[in-house]
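Single-structure report; data block below.
The values are calculated or read from the model by the stated rules, or taken from the named source; none is laboratory data. Bear in mind that the values here come from a model prediction, so they are computed numbers and not experimental data. Quick reminder, even Gly has a Cβ in these numbers, built from the backbone with ideal geometry, and neighbours come from all protein chains shown.
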């Protein structure tokens, strides 16, 4: 790209460093900022810098947080006896969205994946095992993606938790609600028949 | 979306205000910034704020510029006798990319579009007419999109320039280079037959 302005070029390159944003998209974003009031750009810039400089990982659960301990762990109304283990903050948000869960979380930061060079030591597993030994903890729910890596991670964590006096469970897997049977993939459909439940 | 962090929420909302960026994409961008060094976010924030606060429209051609007069208009090697009229800075960049043009530009800021409520007064047409009366200007090239709105704009500007002593031309329209004839749309193909040139 030929830029006649250095300012535009710098901003485009900075945007284009973000995942999924190419140079053309970056230029579109920058030109849209030019067309809007200066305050919009200043607000965006401040939100980015302030977020990155002040964000921390909750020392209890590993969730992203504005404070040392995250708002979910701080919340007195949440049930501290149930810990839901997830891969990322995105999963925390997805589960919170359902409004079906009142326990607390533990964010692993990924799943065990030998291909990508991610071993158990790279994830927040030790802290989970430590938390799970606390007398108030009764159950650990594994809400991990139903992939080979996810299953490996569940298997590994389950083994680590044999010492702790907790019930380990996994979220239900089967055909999606609202989905049509004929469009379900065969593995999911097969397993959901094997794992059938009494009505 | 349920955010457990206010900082993340603010940053996501700021990103989601940009065109073509939804909340999910915004969250992906914010989380990728969290995973990278703080300097990356600070650099992005600075590039955005500095760009918006210091960018200006060139007083001569309307192009975006770091200074009062843009780098193209300042360039002594550019031929000031030819003005290429374009809709936006994006078109300036596209033409510069070709390295086939050594004249200067005039950025209209859009095309006449009664449907979108854009009239001649909303565009940089007056300044173009004024520029074109200068004795050094010999030719005005219309490099406007071949749409109904574009043609209307060309027609209007051409009429305004009858007083000025300049040659008004339009970029060539026809089948694309490297394209196959059978895939060209019929209007383009039809017109390119009518506008055939001697070899």
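Things worth noting here:
- Where residue A:90 falls short, out of the listed (1) closer than 18 Å to residue B:25 by Cα; (2) in the same structural domain as residue A:137 (by TED's automatic domain parsing); (3) touching a helix residue (DSSP H, G or I) at 6+ places or on another chain (Cβ under 6 Å): (3)
- Hey, residue A:36 surrounded by fewer than 18 Cβ atoms within 10 Å (Cβ to Cβ) and modelled with pLDDT of 95 or more or not: no
- Checking each residue in the range B:150-186 for being under 25 Å from the mean Cα position of the chain (by Cα) and part of a helix (DSSP H, G or I) picks out B:150, B:151, B:152, B:153, B:154, B:155, B:156, B:157, B:158, B:159, B:160.
- Here residue A:79 meets each of (1) in contact with a helix residue (DSSP H, G or I) (Cβ under 9 Å, 6 or more places away or on another chain); (2) over 21 Å from residue B:26 (Cα atoms) with one exception, condition (1).
- Residues of the range B:1-32 that turn out to be more than 17 Å from residue A:30 (Cβ to Cβ) and in contact with a helix residue (DSSP H, G or I) (Cβ under 8 Å, 6 or more places away or on another chain), as a count: 16
- Single condition residue B:139 does not satisfy, out of (1) under 25 Å from residue B:77 (Cα atoms); (2) loosely packed, with under 15 Cβ neighbours inside 10 Å; (3) at pLDDT 90 or above: (2)
- Number of residues in the range A:47-59 that are surrounded by fewer than 22 Cβ atoms within 10 Å (Cβ to Cβ) and either more than 7 Å from every other protein chain (Cβ to nearest Cβ) or touching a strand residue (DSSP E or B) at 6+ places or on another chain (Cβ under 6 Å) (or both) equals 4.
- Restricting attention to the range A:172-189 and to residues that are touching a helix residue (DSSP H, G or I) at 6+ places or on another chain (Cβ under 9 Å) and surrounded by 12 or more Cβ atoms within 10 Å (Cβ to Cβ), the residue that is nearest to residue A:126 (Cα to Cα) turns out to be A:174.
- Checking the stated criteria, residue A:84 turns out not to satisfy the condition of being within 9 Å of chain B (Cβ to nearest Cβ) and farther than 24 Å from residue B:71 by Cβ.
- Only one of A:59, A:48, A:21, A:8 that is under 25 Å from residue B:66 (Cβ atoms) and assigned to a loop (DSSP other than H, G, I, E, B): A:21
- Residue tally, condition surrounded by 17 or more Cβ atoms within 10 Å (Cβ to Cβ) and either free of Cβ contacts under 8 Å to residues at least 12 places away in the same chain or facing chain A (nearest Cβ under 7 Å) (or both), over the range B:1-14: 9
- Selection of the range A:60-70 for residues being more than 7 Å from chain B (Cβ to nearest Cβ) and in contact (Cβ under 8 Å) with a residue 40 or more places away in the chain yields A:60, A:61, A:62.
- Taken over the range B:35-46, residues that are within 7 Å of chain A (Cβ to nearest Cβ) and more than 22 Å from residue A:9 (Cβ to Cβ) amount to 1.
- Among (1) within 9 Å of chain B (Cβ to nearest Cβ); (2) touching a residue at least 12 places away in the same chain (Cβ under 8 Å), the one test that residue A:32 misses: (2)
- The residue that is surrounded by the fewest Cβ atoms within 10 Å (Cβ to Cβ), among those in the range A:69-91 that are assigned to a helix (DSSP H, G or I) and under 10 Å from the mean Cα position of the chain (by Cα), is A:90.
- Scanning the range A:97-114 for residues that are more than 18 Å from residue A:153 (Cβ to Cβ) and either in contact (Cβ under 8 Å) with a residue 12 or more places away in the chain or part of a loop (DSSP other than H, G, I, E, B) (or both) gives A:99, A:100, A:101, A:102, A:103, A:104.
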